[in-house]
1. Of the conditions (1) modelled with pLDDT of 95 or more; (2) open to solvent by less than 100 Å² (accessible area, probe 1.4 Å); (3) touching a Leu at 6+ places or on another chain (Cβ under 9 Å), M1 satisfies every one except a single condition; which number is it?
2. Given the criteria open to solvent by 90 Å² or more (accessible area, probe 1.4 Å) and part of a helix (DSSP H, G or I), does Q43 qualify?
3. What pairs come up if the first residue lies in segment 19-48 and is over 15 Å from F61 (Cβ atoms), the second is of a type outside the set (K, R) and open to solvent by 70 Å² or more (accessible area, probe 1.4 Å), and their beta carbons are under 6 Å apart, counting only those six or more places apart or on different chains?
4. So K14 fits all but one of (1) open to solvent by 100 Å² or more (accessible area, probe 1.4 Å); (2) closer than 18 Å to A3 by Cα; what number is the exception?
5. Please find, within segment 10-43, the residue that is farthest from Q69 (Cα to Cα) out of those that are within 12 Å of the chain's Cα centre (by Cα) and of a type in the set (G, A, S).
6. Looking at segment 1-27 only, could you name the residues that are within 18 Å of L48 (Cα to Cα) and of a type in the set (V, I, T)?
Amino acid sequence: MLATGKFIAAKMCKVLVKEDLGGVTYSVQYTVENLETLKKYNQTDAILLKNKANAKFAGKFVYFETEMQL
C-alpha cells in the first residue's frame, strides 16, 4: 500500500481482544493526506492490491475498511 505513493504512514497494532477461534489478530492503519488521495487509491489501486493479497493469503485473513479522522 505504501508503494502506491498515496499513503504517508502505516501503523500495525496487535489486537488485545481474545478471539473465540484463537490465534493472534493485527490491525493495520494507513494515513492519507486528504480524501481526494484516498478516492484516487480506491479508483486505481485498491482492487489490484486486494486481489494480490487474496491470491497469496486466501482464507487466512479478514479485510475491511474503516475511514477515520484524526
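The values are calculated or read from the model by the stated rules, or taken from the named source; none is laboratory data. All values derive from a computational prediction rather than experimental measurement. Positions of Cβ are backbone-derived with ideal geometry, glycine not excepted, and every protein chain shown enters the neighbour counts. Note: accessible area is taken over every heavy atom of the protein model, side chains too, but ligands, DNA and RNA are not part of it. Shrake-Rupley method; radii C 1.70, N 1.55, O 1.52, S 1.80 Å.
1. Single failed check for M1: (1).
2. Details: open to solvent by 90 Å² or more (accessible area, probe 1.4 Å): yes; part of a helix (DSSP H, G or I): yes.
Yes.
3. Every condition considered, the pairs that remain are T31/I8; E33/I8.
4. Of the numbered conditions (1) open to solvent by 100 Å² or more (accessible area, probe 1.4 Å); (2) closer than 18 Å to A3 by Cα, the odd one out for K14 is (2).
5. Filtering first and then ranking leaves S27.
6. Result: T4, single match.
Results for (1) part of a strand (DSSP E or B); (2) open to solvent by 70 Å² or more (accessible area, probe 1.4 Å); (3) in contact with a helix residue (DSSP H, G or I) (Cβ under 8 Å, 6 or more places away or on another chain), shown as yes or no for each residue.
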| site | (1), (2), (3) |
| --- | --- |
| I8 | yes, yes, no |
| D20 | no, yes, no |
| T31 | yes, no, no |
| L48 | no, yes, no |
| K56 | no, yes, no |
